[in-house]
Structure formats: structure tokens, C-alpha cells
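The values are calculated or read from the model by the stated rules, or taken from the named source; none is laboratory data. Computed from a predicted model, the values in this text were never measured in an experiment. Every residue, glycine as well, gets a Cβ built from its backbone with ideal geometry; the counts of neighbours run over all protein chains shown.
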Amino acid sequence: MTDFSQKKLLLFDIDGTLISSRGAGKRAMLAAATEILGKPLRYNFLRFAGMTDRLILGNLLDGNGWSPDDREILIDQMLASYLRHLDRELQTNGKVRTHPGVDMLLKKTANDAFVCGLVTGNIREGATLKLRPVDLNKYFPFGAFGDDSAVRNELPPLAVQRAEQLTGETFAPENVWIIGDTPRDIECGKVNGYRTLAVATGGASFDELRQHKPDAVFRDLSDLPNVLHIFHSTSSPG
């Protein structure tokens, strides 16, 4: 069944879902940590996919036995340094590209039937920097970011609140979609009662994503008719 009467709120992850920055974020974050802490750090244990920027840096400190009293101040300093390094990386080595289907999907959803925003572990300025080279910022007037909370599961309700404030609309959970490329994206949608669409353009395979039982899973977003049909479907969240 298809229902076009209610606006759909589409909340996109960035890295692995909308774009690939060819490791620019990771390189920038490690360079920032080295700059602020004054020495190279072990990072082979770190997981970046689906994590918030603050949590990544906190885990980096923990994994190197760094437990200072001024932990949050240090993370703030590293994030400020990260933005400088990220800007440089994206201009020189990033070669940002959109994943298949992203550009056309965003053009097709830029209408009265949809509202698009971000739910991302990137801090706000980092998100803007990453989307700038491929001119995607214009599609996302709001979002929830890694500087709103280090806990990813807390971000979707904040994004919904901001969407409602911006548009004057009320979005029922069955009309809210979390779109991402990792099991963490699926989790943060499900725990909040929202619908989930997973796309295998990041670090997780199609089969791995399917095991986490999103409402829909695609290999990429290029199958535009079926992706749009899924967004308009009226079945309850899984």
C-alpha cells in the first residue's frame, strides 16, 4: 500500500551512506590527536563506522591509557584541531564522491512529500566540510550531530524535534526513516521506534545489514523507484 498524504522525514547518515571521503576523516582525526597530545597513539583497535566523533576520541584516549581529569577539554581541543586537518585533507587528498543513487534521490525528494535532514556522528562543522565538495549541504537544513551527544541513539529524536520546529509539521514514528550503512544506524532507528533503511555502500555487507533486520536494505540507492516506494509504504516499523 502506498500513502502520499503524509510527509516523510528522511534522516541520513553521511560517511558510507551519502559519501566516501577516502579516509580523510580518519586521517584528520589521528593527526589532530597526535598534535594535541604530543605523541603518536595506537589506533588499530578503534572502530570508526557508526561512531560519534566524541566517542571515537574518547575511546582513543582510553585505549592509550590516557585518563586525564581534563578529558572533555582535551577532546574539545582535538575536535578543533580535527576541523583544521579535515579541511586540509578534503582539499588535497579527500576526493569526496557521492555513492550511487544519492544525487538523484536527493533531487527527487526535494519536494513537498519529503523533509530531509541528517543524523550523523560527525560534529556539525565536520559534516558541513564533508558535504561541501559534492554540494550536498543545500539538501539538509537541519540535523542532529556528534556534538549534540556522544551517544548515537540519542540523536534521532533530536533531529525529529528540529524538523518539527523548522517545518511546523508533526512526524509520526512510521513516517520517520533513518538511512545509514552500519548496524549502529539500524539500532539508533529501532530503539527510537523509527523506520530504518540500510544501504551496503559503507563498511557493512548487504548480508550483515540484513541480519540486523532493518525495514529495508539495498546494495546502493540507485534503484530509485523501489527506494521511493519503500519510503511511501505504510506498514508499521519493524
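What number of residues within region 57-84 satisfy the criterion of being assigned to a helix (DSSP H, G or I) and either surrounded by 20 or more Cβ atoms within 10 Å (Cβ to Cβ) or of a type in the set (A, V, I, L, M, F, W, C) (or both)? Give the derivation first.
Filtering region 57-84 for residues assigned to a helix (DSSP H, G or I) gives 57-63, 71-84.
Those left that are additionally either surrounded by 20 or more Cβ atoms within 10 Å (Cβ to Cβ) or of a type in the set (A, V, I, L, M, F, W, C) (or both): 57, 60-61, 73-75, 78-80, 82-83.
The total comes to 11.
Within the bounds of region 85-95, is there any residue that is touching a residue at least 12 places away in the same chain (Cβ under 8 Å) and not in a helix (DSSP H, G or I)?
Yes: one or more hits.
List the residue pairs whose Cβ atoms are under 6 Å apart, where the first residue sits in region 55-76 and is outside the structural domain of SER149 (by TED's automatic domain parsing) and among the basic types (Lys, Arg), the second is surrounded by 18 or more Cβ atoms within 10 Å (Cβ to Cβ) and modelled with pLDDT under 75, and the two are 6 or more positions apart or on different chains.
Matching pairs, first to second residue: none at all.
Within region 196-229, restricting attention to residues that are basic (Lys, Arg) and outside any helix (DSSP H, G or I), which residue is nearest to the chain's Cα centre (by Cα)?
Narrowing region 196-229 to residues basic (Lys, Arg): 210, 213, 219.
Then keep just the ones that are outside any helix (DSSP H, G or I); that gives 213, 219.
Working: LYS213: 19, ARG219: 17 Å.
Here the answer is ARG219.
What's the number of the only condition in (1) more than 21 Å from THR98 (Cβ to Cβ); (2) buried (at least 18 other Cβ atoms within 10 Å of the Cβ); (3) not β-branched (Val, Ile, Thr) that ALA127 fails to meet?
Only one criterion is unmet by ALA127, namely (1).
Would you confirm whether any residue within region 172-181 is touching a Ser or Thr at 6+ places or on another chain (Cβ under 7 Å), surrounded by fewer than 19 Cβ atoms within 10 Å (Cβ to Cβ) and closer than 16 Å to LYS8 by Cα?
Taking every residue of region 172-181 in turn, at least one turns out to be touching a Ser or Thr at 6+ places or on another chain (Cβ under 7 Å), surrounded by fewer than 19 Cβ atoms within 10 Å (Cβ to Cβ) and closer than 16 Å to LYS8 by Cα.
Looking only at region 5-20, count every residue that is free of Cβ contacts under 8 Å to residues at least 60 places away in the same chain and within 22 Å of MET51 (Cβ to Cβ) and tell me the total.
The total comes to 0.
Output the residues belonging to region 172-193 that are β-branched (Val, Ile, Thr) and part of a loop (DSSP other than H, G, I, E, B).
THR182, VAL191
Out of GLY25, GLY50, which single residue is part of a loop (DSSP other than H, G, I, E, B), buried (at least 22 other Cβ atoms within 10 Å of the Cβ) and not hydroxyl-bearing (Ser, Thr, Tyr)?
That would be GLY50, the only listed residue that is part of a loop (DSSP other than H, G, I, E, B), buried (at least 22 other Cβ atoms within 10 Å of the Cβ) and not hydroxyl-bearing (Ser, Thr, Tyr).
For region 97-124, name all the residues that are crowded, with 16+ Cβ neighbours inside 10 Å and among the hydrophobic types (A, V, I, L, M, F, W, C).
VAL102, LEU105, LEU106, PHE114, VAL115, CYS116, LEU118, VAL119, ILE123
Looking at the structure I just gave you, is LYS107 of a type in the set (Lys, Arg), outside any loop (DSSP other than H, G, I, E, B) and within 18 Å of the chain's Cα centre (by Cα)? Lay out the reasoning, then the answer.
Values: of a type in the set (Lys, Arg): yes; outside any loop (DSSP other than H, G, I, E, B): yes; within 18 Å of the chain's Cα centre (by Cα): no.
No; evaluated as a whole, the condition is false for this residue.
Residue check, PRO173 against (1) out of contact with any Lys or Arg (no Cβ under 8 Å at 6 or more places or on another chain); (2) under 18 Å from ALA113 (Cα atoms), all met but one. Which one?
(1)
Listed residues VAL151, VAL160, VAL119; which is touching a residue at least 12 places away in the same chain (Cβ under 8 Å) and more than 13 Å from the chain's Cα centre (by Cα)?
Every option except VAL160 fails the conditions.
Mind counting the residues in region 102-130 that are closer than 18 Å to PRO225 by Cα and either among the hydroxyl-bearing types (Ser, Thr, Tyr) or not assigned by TED's automatic domain parsing to the domain that holds THR17 (or both)?
Residues in region 102-130 being closer than 18 Å to PRO225 by Cα and either among the hydroxyl-bearing types (Ser, Thr, Tyr) or not assigned by TED's automatic domain parsing to the domain that holds THR17 (or both): 1 in total.
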